[in-house]
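K.L.:
Submitted below is the structure of interest, expressed as structure tokens.
No lab work stands behind these numbers, since they all come straight from the coordinates. What you see is a predicted model; the values in this text were computed from it and never measured. A quick note on method: Cβ atoms are made from the backbone with ideal geometry, for glycine too, and the neighbour counts reach across all protein chains shown.
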Amino acid sequence: DPLDPERLIQCPYNKHHRIRACRFPYHLVKCRKSYPEVAKKLAMCPFNARHLVPKADLGDHIVKCDDKVSIEQDIVNQASGFQRQQMNAVSTWQAPPCDEDWE
């Protein structure tokens with residue numbers, strides 16, 4: 001289950017490290033400092049900071065990244081919500097009081 005916080009994830013810095021999903025972000029920070037040479041060779045996915053892939057593979061990863069779909073859907077939902085909001089907006093403008101009598 002991808003949402004299970006206890007599932008084990010392999011560390012991109014050291015293939016022998018298997019970390020629980022709930023601790024993975026903290027582990028990445030620690031391992032990045034411990035393996036600076038490996039860190040230089042990895043690129044971070046723009047859709048999920050937990051996805052670290054070799055720089056040469058980043059383009060392929062971006063095309064296939066599952067998180068891209070959810071972000072794109074969020075953008076579509078926000079845009080359609082904004083359009084609905086614009087269509088439903090009622091003008092609150094009121095003319096200022098006028099003391100003039102033209103008759």
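K.L.:
To the nearest 20 debye, what charge dipole does the chain have about its Cα centre, counting +1 at the Cβ of each Lys and Arg and -1 at the Cβ of each Asp and Glu?
P.N.:
Here the size comes out at about 1680 debye.
K.L.:
Going 7 Å from the Cα of residue 44 in the Cα-to-Cβ direction, what parts of segment 1-32 have a backbone nitrogen less than 16 Å from that spot?
P.N.:
12-13, 24-32
K.L.:
Now, a different point. Starting from the 7 Å offset along Cα-to-Cβ, what nm value, one decimal, do you get for the label separation of residue 7 and residue 76?
P.N.:
If labels sit at residue 7 and residue 76, their model points lie 2.4 nm apart.
K.L.:
Around residue 32, with a cut-off of 14 angstrom between Cβ atoms, what is the net charge of the other residues, counting Lys and Arg +1 and Asp and Glu -1? It would help to have the intermediate numbers written out before the result.
P.N.:
Working: positive: 30, 33, 40, 41, 50; negative: 37.
Around residue 32, the surrounding residues sum to +4.
K.L.:
To the nearest 10 degrees, how steep is helix 66-88 against the longest Cα principal axis of the chain, on a 0 to 90 scale?
P.N.:
Tilt of helix 66-88: around 10 degrees.
K.L.:
Hey, what's the Kirkwood Rh for the chain if you take every pair of different alpha carbons, in angstrom? Present the calculation step by step, with values, prior to reporting the outcome.
P.N.:
Working: mean 1/r = 0.0559 Å⁻¹.
Result for the chain, one decimal place: 17.9 Å.
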